[in-house]
Amino acid sequence: MAWGFPIAMYLFLAGMGAGAFLTAVVAEMYNKVAFRPLIRAGLVLSGILVALGIPFLIADLGAGRTQPWRLILLFANPTSPMTWGVWVLTPFIPLGMVLGWLEVEFLNPPWRIVRWFRALVTRWRTRLLQAGTLLALSIAIYTGLLLGVVHGVPLWNTSILPMLFFVSALSTGLAACVVLSQITAVGMEHDGVHLAKSYFYVNQIHSALIVVETVFIFCWLFIVANGSVTAAQSVELLLTGKYSLFFWIGIGFFGVVDPLVIYIYEVVLGKPLKPYWVLISDSSVILGGLVLRYLVIAAAVPVILT
Amino acid sequence: MPKYGLVTDLTKCAGCRACTVACQMQNDLQPYERWVRVQEVDAGKFPSDTRRFLIVQCQHCDKAPCISVCPVRANYKRTDGIVMIDEDRCIGCKYCIVACPYQARIFNEERGVAQKCWLCYKRVEKGVAPACVVACPAGARYFGDLEDPDSEVSKLIVSRKAAKLRPDLGTEPNSYYIRS
């Protein structure tokens with residue numbers, strides 16, 4: 001496989017950033033006041049996370065890294081999923097960063113132009129959120145389409161892969177929002193008890209997402225394993241072969257079992273858990289999401305030519 | 001315009017790799033860089049088992065995945081059917097290398113671009129067959145115009161029932177293989 005960890009990292013960060021944005025939008029629609037810390041975290045993270053993925057993408061390039069002016073050509077081919085990605089990432093990064101900037105008190109020098117710009121963005125905030133929602137949905141799905149159109153790799157060439165990446169993006173994005181809002185909660189106007197209460201509901205939604213993701217992973221591998229010979233080889237690599245440790249520990253334990261057990265324990269307990277539990281479950285989700293992206297790329301076996 | 005393609009008679013191929021090496025000499029490739037690769041496949045059951053060879057290089061597809069996935073349009077098809085890479089446009093993202101179901105592409109680390117068989121277009125323009133065709137000691141390889149019904153390759157495709165590699169992938173390749 002010509003692609004490796006840098007591409008997996010890029011797909012993971014792009015998905016997580018889009019997911020964080022969507023988390024903020026849904027939270028704002030649901031309850032602007034109660035989920036304030038979550039909304040703030042989501043908007044702050046969205047543009048930054050997606051932008052953090054770009055260095056990984058560039059690091060993997062050949063002539064595009066040494067002769068960066070060639071990158072302007074990236075907008076050129078409307079049939080390439082990679083070009084679609086450039087189309088949606090390019091406006092999303094500044095849009096997410098500007099909306100995130102509205103949420104923080106710092107980086108706000110008392111200059112007239114800054115005040116003017118802040119007022120302008122505040123006036124258009126709803127429209128920007130709507131546009132951002134469309135872009136974030138596109139990014140979350142595009143990361144799956146990029147691999148899904150490759151019919152030389154049966155593990156990828158299935159319609160459930162973009163859906164799996166979409167759910168994984170929502171889940172890791174939500175987890176990133178929870179982790180950041182929990183860390184920054186110290187010393188903010190929202191007290192810990194209030195935050196823990198909002199997590200109580202968020203965690204139940206998150207457990208549903210993880211269940212859906214697990215069902216998708218199962219269906220994906222099950223159907224693919226019953227397809228061609230190379231497809232079955234890919235599945236074997238994941239379940240019992242070279243990557244089985246990564247699969248069962250990384251995705252199975254950290255991505256699914258660990259967070260699910262913590263969320264279910266919270267429901268059984270009937271009251272919000274201590275903050276460090278949420279940190280454990282949600283950083284575990286993030287790690288699981290990264291391992292998922294990496295394994296999808298690492299376990300790709302090309303078609304057999306006979 | 002002609003439409004160039006290859007016909008390979010696998011019943012003659014002894015797996016000597018002269019085509020691989022001739023290509024490397026012709027195109028100044030490193031020993032580890034192969035635009036033409038010879039795959040070995042074990043077939044049949046004892047006592048009638050055998051080893052077959054399959055020569056794979058760019059198939060110069062009519063519906064080439066490399067052309068559609070390239071984000072910078074560095075891949076294109078010439079009017080004579082040869083699929084080319086514009087090395088001045090390529091950014092080295094490796095998407096085409098991943099997307100080619102024939103795994104016909106390599107990544108040139110030194111230049112940072114994707115490379116592959118270009119059907120020795122400079123030789124072809126002078127009326128000489130590609131190096132891999134000329135070098136084959138078994139005479140297993142044929143080069144010619146697939147559009148011309150009287151060309152050697154067109155006649156071979158009909159008389160020897162030459163078939164494309166994995167036509168089910170929908171890439172419409174222009175390389176034919178004789179297997180019996």
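The values are calculated or read from the model by the stated rules, or taken from the named source; none is laboratory data. It should be emphasised that the depicted structure is a prediction, and the values quoted were computed from it without experimental measurement. So basically every Cβ, Gly included, is an ideal-geometry build from the backbone, and we count neighbours across all protein chains shown. These accessible areas exclude ligands, DNA and RNA; they are computed on the full protein's heavy atoms, side chains included. Shrake-Rupley method; radii C 1.70, N 1.55, O 1.52, S 1.80 Å.
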**OP:** Can you tell me the relative contact order of chain A? Whole percent, Cα pairs under 8 Å, sequence separation 6 or more.
**Re:** 25
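Taking a quarter of the surface of the convex hull around the Cα atoms of the range A:105-145, what do you get in nm²? Walk me through the numbers before you get to the answer.
Values: hull surface 15.7 nm².
Quarter of the Cα hull surface area: 3.9 nm².
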Original post:
Using the beta-carbon distance between A:ALA59 and A:TYR265 and R0 = 30 Å, what value does 1/(1 + (r/R0)^6) give for FRET efficiency, to the nearest 0.05?
Top reply: 0.15
Original post:
If you plug each phi of the range B:97-103 into the Karplus form 6.51 cos²θ - 1.76 cosθ + 1.60 with θ = phi - 60°, what whole-Hz ³J(HN,Hα) values come out, in order, with x for Gly and Pro?
Top reply: 5, 5, 7, 6, x, 8, 6
**OP:** Could you tell me which of B:CYS117, B:VAL21, B:SER151 has its Cα farthest along the dipole of the range B:4-178 towards the positive end, charges placed at Cβ (Lys, Arg +1; Asp, Glu -1), taken about the Cα centre?
**Re:** B:VAL21
**OP:** Would you please state which residues of the range B:68-86 a label at A:TRP87 would reach in this model, taking the label point 7 Å out along Cα→Cβ and a backbone N cut-off of under 19 Å?
**Re:** B:68-75
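How big is the charge dipole of chain A about its Cα centre, in debye rounded to the nearest 20, if each Lys and Arg gets +1 on its Cβ and each Asp and Glu gets -1 on its Cβ? Don't skip to the answer; put the middle values down first.
Working: 16 positive and 11 negative charges, 173 e Å.
My answer is approximately 840 debye.
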Subject >> Kirkwood hydrodynamic radius over Cα pairs of the range A:5-298, then Stokes diffusion coefficient at 4 °C and 1.567 mPa s, in µm²/s >> reply: 65
Original post:
Non-local amide H neighbours of B:TYR176 (under 5 Å, H modeled in plane, Pro and chain starts lacking H): which ones?
Top reply: B:LEU6, B:VAL7, B:THR8
Subject >> Longest segment of chain A lacking chymotrypsin sites (Phe, Trp or Tyr not before Pro) that sit in a DSSP loop with at most 16 other Cβ atoms within 10 Å >> reply: A:125-306
Original post:
What residue among B:LEU169, B:VAL36, B:GLN59 has its Cα farthest toward the positive end of the dipole of chain B, where the charges are +1 on Lys, Arg and -1 on Asp, Glu, each on the Cβ?
Top reply: B:LEU169
Original post:
Measuring from label point to label point, each 7 Å out along Cα→Cβ, what is the A:ILE304 to A:GLU236 span in nm?
Top reply: 0.9
**OP:** Please identify the cysteines of the protein assembly as shown that lack any partner cysteine with a Cβ under 4.7 Å from their own Cβ.
**Re:** A:CYS177, A:CYS219, B:CYS13, B:CYS16, B:CYS23, B:CYS61, B:CYS70, B:CYS90, B:CYS93, B:CYS100, B:CYS120, B:CYS136
Original post:
In sequence order, what are the phi-derived ³J(HN,Hα) couplings for the range B:20-36 according to the Karplus relation 6.51 cos²θ - 1.76 cosθ + 1.60 with θ = phi - 60°, rounded to whole Hz, with x for glycine and proline?
Top reply: 4, 6, 4, 5, 5, 5, 4, 9, 6, 8, 6, x, 8, 9, 10, 8, 10
**OP:** Rounded to the nearest 0.05, what FRET efficiency do A:ALA76 and B:TYR32 give with R0 = 41 Å and r taken as the Cβ-Cβ distance? Could you check?
**Re:** 0.85
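Summarise the partner chain shielding of B:34-42 as one whole number: the mean count of Cβ atoms from other chains within 10 Å of each residue's Cβ.
Values: counts 0, 0, 0, 0, 0, 3, 0, 3, 0.
Averaged over the peptide's residues, the number is 1.
Just tell me the longest site-free run in chain A, where the sites are GluC sites (Glu not before Pro) in a DSSP loop having at most 16 other beta-carbon atoms within 10 Å.
Details: sites that count: A:GLU105, A:GLU189.
The reported range is A:190-306.
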Subject >> Furthest towards positive pole of dipole, A:PRO272, A:ILE297, A:ILE48, structure part the range A:5-298, Cβ charges >> reply: A:ILE48
**OP:** At a probe radius of 1.4 Å, figure out the B/A buried accessible area, summed over both chains, and give it in Å² to the nearest 100.
**Re:** 2600
**OP:** Sort largest first and round to whole Å: the equivalent ellipsoid semi-axes of the range A:104-250, each the square root of five times a Cα gyration tensor eigenvalue.
**Re:** 40, 21, 13
Original post:
Can you give the average number of partner chain beta-carbon atoms within 10 Å of each beta-carbon in peptide A:64-70, as a whole number?
Top reply: 4
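What do you get when you divide the Cα radius of gyration of the range B:4-178 by 2.2 N^0.38 Å, with N the number of residues? Let's see the in-between values first.
Values: Rg = 16.1 Å, N = 175, 2.2 N^0.38 = 15.7 Å.
That ratio works out to 1.03.
Based on DSSP loop calls and a cut-off of at most 15 other Cβ atoms within 10 Å, the longest stretch of chain B free of exposed trypsin sites (Lys or Arg not before Pro) is what? Walk me through the numbers before you get to the answer.
Values: sites that count: B:LYS12, B:LYS45, B:LYS63, B:ARG78, B:ARG111, B:LYS126, B:LYS161, B:ARG179.
So the longest stretch without any such site is B:127-160.
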**OP:** Assuming R0 = 41 Å, can you tell me the calculated FRET efficiency for the pair A:ALA208 and B:VAL158, based on Cβ-Cβ distance, to the nearest 0.05?
**Re:** 0.10
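About the Cα centre, and with charges only on the beta carbon of Lys, Arg (+1) and Asp, Glu (-1), how big is the dipole of the range A:208-306? Nearest 20 debye, please.
Dipole size: approximately 80 debye.
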Subject >> Part-to-part distance (alpha-carbon centres) for the range B:36-107 and the range A:1-64, which is given in Å >> reply: 34
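Let me confirm one metric for peptide A:77-86, namely the mean number of other chain beta-carbon atoms within 10 Å of its residues' beta-carbons. List each step's numbers first, then the result.
Numbers: counts 9, 2, 6, 12, 5, 7, 5, 1, 1, 2.
Neighbouring Cβ atoms belonging to other protein chains average 5 per residue here.
Given Cα pairs under 8 Å that are at least 6 residues apart, what percent is the relative contact order of the range A:16-160? Write out the running numbers ahead of the final one.
Values: 141 pairs, mean separation 40.1, N = 145.
After rounding, I find 28 percent.
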Original post:
Which value at 222 nm does chain A reach when only helices count, each DSSP H run of 4 or more adding -39,500 (n - 2.57), with the total divided by all residues and rounded to the nearest 500 deg cm²/dmol?
Top reply: -24500 deg cm²/dmol
